[in-house]
Each structure stands twice: as C-alpha cells, then as structure tokens.
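The structure appears right after this line, and notes come after that.
None of the figures in this text is laboratory data; all of them are computed from the coordinates on show. Model, not experiment: these values are computed from the prediction. Virtual Cβ from ideal backbone geometry, glycine too; neighbours counted across all protein chains shown.
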Amino acid sequence: MNFSSKLLEDAVAEFAKLPGVGQKTALRLVLHLLNQDVQDVEKFSTAISKLRNEIQFCRVCLNISDSAVCEICASHKRDQNTICVVEDTRDVMAIENTNQYNGVYHVLGGLISPMDGIGPSDLQIEPLLERLKEGEVKEIIFALSATMEGDTTIFYLDKRLKSFDITVSTIARGIAFGGELEYVDEITLGRSIATRVPYVNAMSK
C-alpha cells in the first residue's frame, strides 16, 4: 500500500497491530480520525494513554480495576462466600450483564493450553488458593469456556481444590462445546449461572 504521507503510514501501521485489524481497516480508522475535531482526537489519545499508564489489577480477584480493590470485591452487597472463576475480564463483563450472579470473581488470566505453551504456573491459580485458605469461601463456580482448554483447566483446578471444604460447581452446559463465554447471549449465560450444577470430574473415575 502506497502512502502519500509518512505520518499517515506510521499511524496506519500502529492501528494494524490491533487484533483483527488489517491495513485497509486501519487506514479507514486513521482517515476517520483525521476528519474529527482536534479536541476529540486528543480525548481519544488521552483515554488510551491513561488506560495504559493508570490501569490496575484488583489485588483480590485480579480483575481490571481503577483502584487497588475493584468495585465488585469492595461491595458489601456481594456474596463474598461465592467465587466465580473465569478466564479474563471479558467473561466478568459478560456474566455481570446477565444480572444473575451476586458473588465475586477470580480472574485466571488465561487457560491451560500445552499446545500454546501455557501451563498452570502461567495462570493466577496460587492467589485463588490463598483466598480459599482464609476459610470464608463456601462455593467455587467454574465459568470457563466450553473448550478443550477450558475443560483441561477445570480438571486441573478441581484436583487442587480437593483439600478444601467447599462446594465446587460449574455453569450448566447450555453453551455449545467450543463456545467462548463472551459470545454467548445474556439469557443463555444467565441461565447457565443460575442453574449451575455440581462439578463431577469424570476423568478421575
């Protein structure tokens, strides 16, 4: 792609680094910004810069937060005895949008995937176990994607949780195998949370 401006080329190159954005889409986005008021573009730039420099991760659940402890963990209205284990922040947002869950979360930061070189030590598993050692948690809900990686992660976590006196459940499989939580409609996801079932590790039998 030939550019009439080095500034334009550099901006397109940066946008094209975003996932799912090719050069043509990047060019369209850059040209759109060029047609906006300078103040609007500066607000856009400032928002991205502040996001990168000021964002924090909740020291309790490891969800993205504006402060040391996120609003969910800090809320006295949430059931602190129930932890929903998810892959990442997108899953927290998806479940929150259902308005069917009133507990707290634990964000693993990924799923076990040997093919991708991701093992248990790459995930936030130890902080979850530390939370359980406090003795206040009564139930763990696995809300991980219905994929091979999700099932592998649940299988591993279930073994690590055997020593704790807690109820372990998983969201009902109204979600097709291979489905990512963030793409499931809110009604189906909400029902899956509300009708969760005890987790039975069939692989251990």
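Can you check what the net charge comes to around Val21, using other residues whose Cβ is under 13 Å from the Cβ of Val21 (Lys, Arg +1; Asp, Glu -1)?
Residues near Val21 contribute +2 overall.
Label points 7 Å out from Cα along the Cβ direction at Ser75 and Arg90: separation in nm?
According to this spin-label approximation, the distance is 2.3 nm.
Starting from the 7 Å offset along Cα-to-Cβ, what nm value, one decimal, do you get for the label separation of Gln23 and Gln124?
Label at Gln23, label at Gln124, 3.8 nm between them.
Tally Lys/Arg at +1 and Asp/Glu at -1 over every other residue whose Cβ is under 12 Å from the Cβ of Pro127; what's the total?
Local net charge: 0.
If r is the Cβ-Cβ distance from Asp116 to Ala13 and R0 is 41 Å, what FRET efficiency results, to the nearest 0.05?
So the FRET efficiency works out to roughly 0.95.
For the range 1-125, restrict the atom set to alpha-carbon positions and state the Rg and Dmax in Å.
Spelled out, the Cα radius of gyration and Dmax of the range 1-125 are 19.5, 60 Å.
Enumerate the residues in the range 99-143 having an amide nitrogen under 14 Å from the point lying 7 Å beyond the Cα of Tyr156 toward its Cβ.
Residues 108-129 fall inside that zone.
So for the range 6-54, taking the charge dipole from beta-carbon charges (+1 Lys/Arg, -1 Asp/Glu), which of Ser45, Leu34, Ala16 sits furthest toward the positive end?
Farthest towards the positive pole: Ala16.
Could you tell me which of the pairs Lys50/Lys77; Lys77/Lys162; Lys17/Lys50; Lys43/Lys77 are separated by over 26 angstrom between their Cα atoms in the structure shown?
Lys50/Lys77; Lys77/Lys162; Lys43/Lys77
Provide Rg and Dmax in Å for the range 6-54, with only Cα atoms included in the calculation.
Gyration radius and largest Cα-Cα distance of the range 6-54: 11.3, 31 Å.
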